[in-house]
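The values are calculated or read from the model by the stated rules, or taken from the named source; none is laboratory data. Note that this is a predicted model, so its numbers are computed, not measured. Positions of Cβ are backbone-derived with ideal geometry, glycine not excepted, and every protein chain shown enters the neighbour counts.
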Amino acid sequence: MRQLGLATMLVLLSALVGASCGGGDDGDGGGGQGTTSIRVGVIPITPVAPVYLGVEKGFFEREGLRVEPVPAQGGAAIVPAVQSGEQQFGFSNSVSLMIAQTQGLDVRVVSPGEAAPADREEDNSAVMVPPASDVRRPQDLEGAKIGVNTLKNIAGLTIEASLEKMGVDTESIDLVEVPFPEMLSATKSGEIDAGFFNEPFTSAAEGAGLRTIVNPYTQTAPDLPIAPYFTTQQYIDDNPKVVAAFQRAMERATRYANENPDELRRILTTYTEIPPETVKKIGLPHLTSELQPEPYEQLADIALELGYVDKPVDVDQLLVPPGE
């Protein structure tokens, strides 16, 4: 076999290294004829439905993107995967991303996801107690052990903020980490006094007779950003067209999900373990397609006030408007 010249070998090595670093760039991401492969870290819960709808309906493909959703247990696994380049984009709660930024990690929010609704009746977040619990009102939660899926995230922050607004001594509350799939059994058994639930777990808890004491999201503040999609500044610098294409596709997919609730419910059965009969009943997430700084600034102020971050969050640096 003929030996390859040094220049040819360098070109081949460069291509191999580029492919191994993630992104699978076969084109320019929506700006030309090629297709760019990207991996998106997601959690198998209702708010990430637009990603799967975007793949199925061809919204990403039209932007020159081939998307592979990568399921994970939570943002704790997704953030390092995006940092390392194993995944190009990820879904995580806003508080965890704010904490990461103030600790010097390279995180940039590029697309909105779930937000708190304005109407409490549409809020799927709930601190719930067993039917026979003595807890009847928020003030009765003083001294309680409350389960949250992850410590120092949006769940704990909104629980503390909402209860503080109601005059509850939050210093007396003990937040403990309990995975969502185990929250119902831990609450029913008395292992914890109350549990934090979000769909599809809220509907399951209601079906088991649990009672809602507080809806943390809306009772903290309406329109709070709950969980967006993020990447790194390094990836933005190296792939600006891909990022812009991802933003456009996510905006279209989110609008489609909001305008077609039956389609949103149907797609849930393809990537979650929610039974079809349950999917028909669960509350749908409040999805937003606009990345506005004001809600993030409000959340950042709350995070600083409650000690979730030890210095102010740079919201202007955190958010990447479409087309930046």
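Being in contact (Cβ under 8 Å) with a residue 40 or more places away in the chain and among the small types (Gly, Ala, Ser) is the filter here; which residues of segment 131-155 pass it?
Of everything in segment 131-155, those that are in contact (Cβ under 8 Å) with a residue 40 or more places away in the chain and among the small types (Gly, Ala, Ser) turn out to be Ser133, Ala144, Gly147, Ala155.
Conditions: (1) part of a loop (DSSP other than H, G, I, E, B); (2) small (Gly, Ala, Ser); (3) within 22 Å of Val110 (Cβ to Cβ). Gly283 meets all but one. Number of the miss?
Checking Gly283 against (1) part of a loop (DSSP other than H, G, I, E, B); (2) small (Gly, Ala, Ser); (3) within 22 Å of Val110 (Cβ to Cβ), the one that fails is (3).
Which one is nearest to Leu299 (Cα to Cα), of the residues in segment 137-149 that are in contact with a strand residue (DSSP E or B) (Cβ under 6 Å, 6 or more places away or on another chain) and not in a helix (DSSP H, G or I)?
Of the residues in segment 137-149, the ones in contact with a strand residue (DSSP E or B) (Cβ under 6 Å, 6 or more places away or on another chain) are 138, 144-148.
Filter once more, keeping what is not in a helix (DSSP H, G or I): 144-148.
Working: Ala144: 25, Lys145: 24, Ile146: 21, Gly147: 21, Val148: 18 Å.
Ranking the candidates gives Val148 first.
Specify the residue that is nearest to the chain's Cα centre (by Cα); the eligible residues are those in segment 142-158 that are farther than 20 Å from Ser185 by Cβ and not polar (S, T, N, Q). First the steps, then the outcome.
Here is the first cut: in segment 142-158, the residues farther than 20 Å from Ser185 by Cβ are 142-143, 152-154, 156-158.
Then drop every residue that is not not polar (S, T, N, Q), which leaves 142-143, 152, 154, 156-157.
Working: Glu142: 29, Gly143: 29, Lys152: 14, Ile154: 10, Gly156: 15, Leu157: 15 Å.
Going through the qualifying residues, I end up with Ile154.
Let me confirm something: among Leu105, Leu151, which residue is surrounded by fewer than 21 Cβ atoms within 10 Å (Cβ to Cβ), of a type in the set (A, V, I, L, M, F, W, C), in the same structural domain as Thr46 (by TED's automatic domain parsing) and at negative phi? Steps first, answer last, please.
Values: Leu151 fails: in the same structural domain as Thr46 (by TED's automatic domain parsing).
Sole residue among the options that is surrounded by fewer than 21 Cβ atoms within 10 Å (Cβ to Cβ), of a type in the set (A, V, I, L, M, F, W, C), in the same structural domain as Thr46 (by TED's automatic domain parsing) and at negative phi: Leu105.
Regarding segment 288-296, can at least one residue be identified that is part of a loop (DSSP other than H, G, I, E, B), of a type outside the set (Val, Ile, Thr) and in contact with an Asp or Glu (Cβ under 7 Å, 6 or more places away or on another chain)?
Residues of segment 288-296 that are part of a loop (DSSP other than H, G, I, E, B), as a first pass: 288-292.
With of a type outside the set (Val, Ile, Thr) added as a condition, the list becomes 289-292.
Retained after the next criterion (residues that are in contact with an Asp or Glu (Cβ under 7 Å, 6 or more places away or on another chain)): 289.
Scanning segment 288-296, I find at least one residue that is part of a loop (DSSP other than H, G, I, E, B), of a type outside the set (Val, Ile, Thr) and in contact with an Asp or Glu (Cβ under 7 Å, 6 or more places away or on another chain), so the answer is yes.
Within segment 114-126, take every residue that is in a strand (DSSP E or B) and touching a Leu at 6+ places or on another chain (Cβ under 7 Å) and give me the one that is surrounded by the fewest Cβ atoms within 10 Å (Cβ to Cβ). Working first, answer last.
Pass one, segment 114-126, residues in a strand (DSSP E or B): 114-115, 126.
Adding the requirement that they be touching a Leu at 6+ places or on another chain (Cβ under 7 Å) leaves 114-115.
Details: Glu114: 26, Ala115: 23.
Going through the qualifying residues, I end up with Ala115.
Quick check on Glu199: is it outside any helix (DSSP H, G or I) and crowded, with 18+ Cβ neighbours inside 10 Å?
Numbers: outside any helix (DSSP H, G or I): yes; crowded, with 18+ Cβ neighbours inside 10 Å: yes.
When the stated conditions are applied, Glu199 passes them.
Sort out which residues of segment 32-72 are surrounded by fewer than 24 Cβ atoms within 10 Å (Cβ to Cβ), farther than 25 Å from His286 by Cβ and among the hydroxyl-bearing types (Ser, Thr, Tyr), and write them in order of number.
Passing the criteria: Thr35, Ser37.
Name the residue, out of Arg265, Arg252, Arg211, Arg248, that is without any contact (Cβ under 8 Å) to a residue 40 or more places away in the chain and not hydroxyl-bearing (Ser, Thr, Tyr). Walk me through it before giving the result.
Numbers: Arg252 fails: without any contact (Cβ under 8 Å) to a residue 40 or more places away in the chain; Arg211 fails: without any contact (Cβ under 8 Å) to a residue 40 or more places away in the chain; Arg248 fails: without any contact (Cβ under 8 Å) to a residue 40 or more places away in the chain.
Of the residues listed, the single one that is without any contact (Cβ under 8 Å) to a residue 40 or more places away in the chain and not hydroxyl-bearing (Ser, Thr, Tyr) is Arg265.
Restricting to segment 290-312, and then to whatever is buried (at least 19 other Cβ atoms within 10 Å of the Cβ) and not hydrophobic (A, V, I, L, M, F, W, C), can you tell me which residue is farthest from the chain's Cα centre (by Cα)?
Among those that are buried (at least 19 other Cβ atoms within 10 Å of the Cβ) and not hydrophobic (A, V, I, L, M, F, W, C), it is Tyr308.
Can you tell me which condition Lys280 does not meet? The list is (1) surrounded by fewer than 18 Cβ atoms within 10 Å (Cβ to Cβ); (2) closer than 30 Å to Gln317 by Cα, and all the others hold.
(2)
Are there any pairs with C-beta distances below 9 angstrom linking a residue in segment 161-173 that is under 21 Å from Gln298 (Cα atoms) to a residue that is among the basic types (Lys, Arg) and in a loop (DSSP other than H, G, I, E, B), with the two at least 6 apart or on different chains, and if so which?
Final answer for the pair search is Met166/Arg137.
May I ask you to say which residue of Thr269, Thr202 is among the β-branched types (Val, Ile, Thr), closer than 26 Å to Ala303 by Cβ and at pLDDT below 95?
Among Thr269, Thr202, only Thr202 is among the β-branched types (Val, Ile, Thr), closer than 26 Å to Ala303 by Cβ and at pLDDT below 95.
So, in segment 59-94, exactly how many residues are over 19 Å from Ala244 (Cα atoms) and either acidic (Asp, Glu) or touching a Pro at 6+ places or on another chain (Cβ under 7 Å) (or both)?
Number of matching residues: 3.
Counting only residues that are of a type outside the set (S, T, N, Q) and surrounded by 22 or more Cβ atoms within 10 Å (Cβ to Cβ), which one in segment 92-102 is nearest to Gly195 (Cα to Cα)? Steps first, please.
Start the filter on segment 92-102 by keeping residues that are of a type outside the set (S, T, N, Q), which leaves 95, 97-100.
Subsequent filtering for residues that are surrounded by 22 or more Cβ atoms within 10 Å (Cβ to Cβ) retains 95, 97-98.
Values: Val95: 19, Leu97: 23, Met98: 24 Å.
Of everything passing the filter in segment 92-102, Val95 is nearest to Gly195 (Cα to Cα).
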